[in-house]
1. When only residues in region 138-151 that are in a helix (DSSP H, G or I) and surrounded by fewer than 20 Cβ atoms within 10 Å (Cβ to Cβ) count, which is nearest to the chain's Cα centre (by Cα)?
2. Within the bounds of region 203-210, is there any residue that is buried (at least 17 other Cβ atoms within 10 Å of the Cβ) and touching a helix residue (DSSP H, G or I) at 6+ places or on another chain (Cβ under 7 Å)?
3. Does residue 93 satisfy being free of Cβ contacts under 8 Å to residues at least 60 places away in the same chain, in contact with a Ser or Thr (Cβ under 7 Å, 6 or more places away or on another chain) and either surrounded by 15 or more Cβ atoms within 10 Å (Cβ to Cβ) or in a helix (DSSP H, G or I) (or both)?
4. Among the residues of region 8-28, are any surrounded by fewer than 21 Cβ atoms within 10 Å (Cβ to Cβ), touching a residue at least 12 places away in the same chain (Cβ under 8 Å) and not in a helix (DSSP H, G or I)?
5. Across region 67-103, what is the total count of residues that are under 18 Å from residue 146 (Cβ atoms) and of a type in the set (Phe, Trp, Tyr)?
6. From 230, 159, 222, which residue is small (Gly, Ala, Ser), buried (at least 17 other Cβ atoms within 10 Å of the Cβ) and part of a helix (DSSP H, G or I)?
7. Take residue 196 and decide whether it is crowded, with 18+ Cβ neighbours inside 10 Å and either of a type in the set (A, V, I, L, M, F, W, C) or modelled with pLDDT of 95 or more (or both).
8. Within the group 271, 267, which residue is surrounded by fewer than 19 Cβ atoms within 10 Å (Cβ to Cβ) and in a loop (DSSP other than H, G, I, E, B)?
Amino acid sequence: MPELDSLRGIAILGVLFLHGFFWQYSSLHFPGPARFFLRATQPGWLGVNLFFVLSGFLITGILLDSKTRPDFYKRFYGRRALRILPAYYLLLLLLGLLGQAPAAYLGLGFVYLANVTNLFGVAQAYGPLWSLAVEEHYYLLWPTVVRQLGKRGLAIIAASVCVLVPILRAVAFEKGFTYGLAIYTWFVLDGLVAGSLVAILLRTNVNRVTVKCICFALVIGALAAAIIGAPYGILTRNSLLGAALQHTVISGLFSGVLLAFLLIGTSAWKSWVNRPLLIFFGYISYGLYLIHLLTFRLYDKLGRRFWPVLLPADNQFGLVVLRFVCAGGVAVGMAYLSRRYFENKFLALKTKLEPHG
């Protein structure tokens, strides 16, 4: 489904531009057009939420399509391990060797607890790892749920999670527990489960017209909620309404966008969502997500030591662009090499997990 690679490409580019521009330099002063561009990259954090919806959709689809197999667990976890672990643990090794994260953080990251390190008194040392921890927790729990329930029961459980998680966020906000609202698994699981609901929907007897209506309702409903709720703080996590429902609105919107891409991708207009550049970035998205922040950090470290004149300051937006092109370009190159010559070697082993004879 190349349209899903296009969506992955959009998600990773959002994260890449966020970390290359707004996340690092929002406090600096630039002239009008540069300032506008900088602010335009701020919503790039939504790329992680899009990844969640995509992951929930794809993983649930895989699980539903293979739930009757006798090797259900072995096949799923074996294939997931081959896809995720090699590049992930290579990154942890690089972070340690380059002194970019303390041992305590790397140890927690090794067992996929990077999103709850503060509960152990350890500071977040490398931002991208928190979302991978959330997905891993989902991988650990969701297959058993899918295996044990029919589609109706699974849909009820998924819908219940999408209702209960916002309530949990609201209660936590009211009690003053606001730190983990955007990273703790139990506060963000509804994004993955929203994608799961889309996968369940498409494996029922629903027809294309109904899917179009649901797609339209999700997108329009999410946009309407955002517009109407904006004055009451729904677009931030600084109010009760936003703490509870910001992620719900985002997940609803991206569920609709996912359905739109699938509908267009199976129509005469499929070229609209099968964009080669986006597909390329979708192809390298995992490695790029892992490595990009490290390359930005190393650029800054080398700049401070050898070329401080290249470090951006007020009214030097050209240096911000130079940093993005150099460090971002290195990240893209490394992600491509990783996918083609490292990750693919492990992906090729997936065939050994299939029964023979």
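The values are calculated or read from the model by the stated rules, or taken from the named source; none is laboratory data. Being a predicted model, the structure only gives us computed values, none of them experimental. When we count neighbours, we look across all protein chains shown, and the Cβ atoms used for this are built from the backbone with ideal geometry, even at glycine.
1. Once the filter is applied, the top-ranked residue is 139.
2. Checked region 203-210: no residue is buried (at least 17 other Cβ atoms within 10 Å of the Cβ) and touching a helix residue (DSSP H, G or I) at 6+ places or on another chain (Cβ under 7 Å).
3. no
4. yes
5. Going through region 67-103 one residue at a time, the tally reaches 4.
6. Values: 230 fails: buried (at least 17 other Cβ atoms within 10 Å of the Cβ); 159 fails: buried (at least 17 other Cβ atoms within 10 Å of the Cβ).
Sole residue among the options that is small (Gly, Ala, Ser), buried (at least 17 other Cβ atoms within 10 Å of the Cβ) and part of a helix (DSSP H, G or I): 222.
7. Against the criterion (crowded, with 18+ Cβ neighbours inside 10 Å and either of a type in the set (A, V, I, L, M, F, W, C) or modelled with pLDDT of 95 or more (or both)), residue 196 qualifies.
8. Of the residues listed, the single one that is surrounded by fewer than 19 Cβ atoms within 10 Å (Cβ to Cβ) and in a loop (DSSP other than H, G, I, E, B) is 267.
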